[in-house]
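Contents: one structure, followed by commentary.
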Amino acid sequence: MVYSSASGNNPPGYGQDLWVVKVDSMGCLEPGCHLITGLTSQVTNLRGALRVWPNPVLQAQGQGQVQVAWDLPEAVTGSAQLTLVSAAGHVMGSWPVALAEQGHTLDLGGTAAGLYHVHLVVEGRWVSGAKVVVE
């Protein structure tokens, strides 16, 4: 709970803000973020900044590629990587990306069917994540 003066110091008045952040049992906003090497913190207000399509990825029709795009504020800069984590908690791969390009293509051909999580990490900070289903 955060208390702050609603009317300055004279007379003392208080307002309050309550922040609730839903995380998994490991403290991650998206499951599997604790598996990423070098992760030091999480940004909580950019969860919807990452988009993945097509979703689900239909490998039977030769569509093993998935597009990942992000829309981030200009203040988010530095070296970045996309990490794919399986629902079972295995890191399936990690790819360096250029934030200025605002997107990357992941080839999931040969990836077993199931639920995966894509994480965008910038300078050791988890920025955003999304789920992707491979069929």
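The values are calculated or read from the model by the stated rules, or taken from the named source; none is laboratory data. Keep in mind that this is a model prediction, so the values were computed, not measured. Heads up, the Cβs are rebuilt from the backbone with ideal geometry, glycines too, and the neighbour counts pull from every protein chain shown. Areas reflect the complete protein model, heavy atoms only, side chains present, ligands, DNA and RNA absent. Shrake-Rupley method; radii C 1.70, N 1.55, O 1.52, S 1.80 Å.
Data overview
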{"read-out": "Solvent exposure ordering (accessible area, 1.4 Å, most first) of 117, 34", "value": "34, 117"}
{"read-out": "Neighbour net charge for residue 33 - beta-carbon separation under 14 angstrom, K R +1, D E -1", "value": "+2"}
{"read-out": "Protection-proxy order for peptides 48-54, 80-86, each taking the mean of Cβ atoms within 10 Å per residue, highest first", "value": "80-86, 48-54"}
{"read-out": "Summed side-chain charge close to residue 80 - residues other than residue 80 whose Cβ falls under 13 Å, Lys, Arg +1, Asp, Glu -1", "value": "-1"}
{"read-out": "Charge context of residue 59, other residues only, Cβ under 12 angstrom, K/R +1, D/E -1", "value": "-2"}
{"read-out": "Computed lengthening from residue 135 to residue 67, 0.36 nm per intervening residue step minus Cα-Cα distance", "value": "22.9 nm"}
{"read-out": "In sequence order, calculated HN-Hα J values of segment 103-111 (Karplus, 6.51, -1.76, 1.60; Hz; x Gly/Pro)", "value": "x, 7, 9, 9, 9, 9, x, x, 7"}
{"read-out": "Matching label, P(r) over Cα pairs in 5 Å bins from 0, in percent computed from the structure shown, candidates (i) 2, 10, 19, 19, 16, 11, 7, 5, 4, 3, 2, 1, 1, 0; (ii) 2, 11, 22, 24, 20, 12, 6, 3, 1, 0; (iii) 2, 10, 20, 21, 18, 13, 9, 5, 2, 0", "value": "(i)"}
{"read-out": "Residue 97 long-range amide H proximity, modeled H, under 5 Å", "value": "80, 81, 82"}
{"read-out": "Amide H contacts under 5 Å for residue 42, placed H, 5+ residues apart", "value": "126"}
{"read-out": "Whole-Hz couplings from phi, Karplus 6.51/-1.76/1.60, listed for segment 29-35; x for Gly and Pro", "value": "6, 10, x, x, 5, 5, 8"}
{"read-out": "Of 18, 72, 46, the one that fluctuates the most in a GNM where the chain has Cα springs shorter than 10 Å", "value": "18"}
{"read-out": "Backbone HN-Hα couplings from phi across segment 89-99 [Karplus 6.51/-1.76/1.60, Hz, Gly and Pro as x]", "value": "x, 9, 6, 8, x, 9, 10, x, 9, 9, 4"}
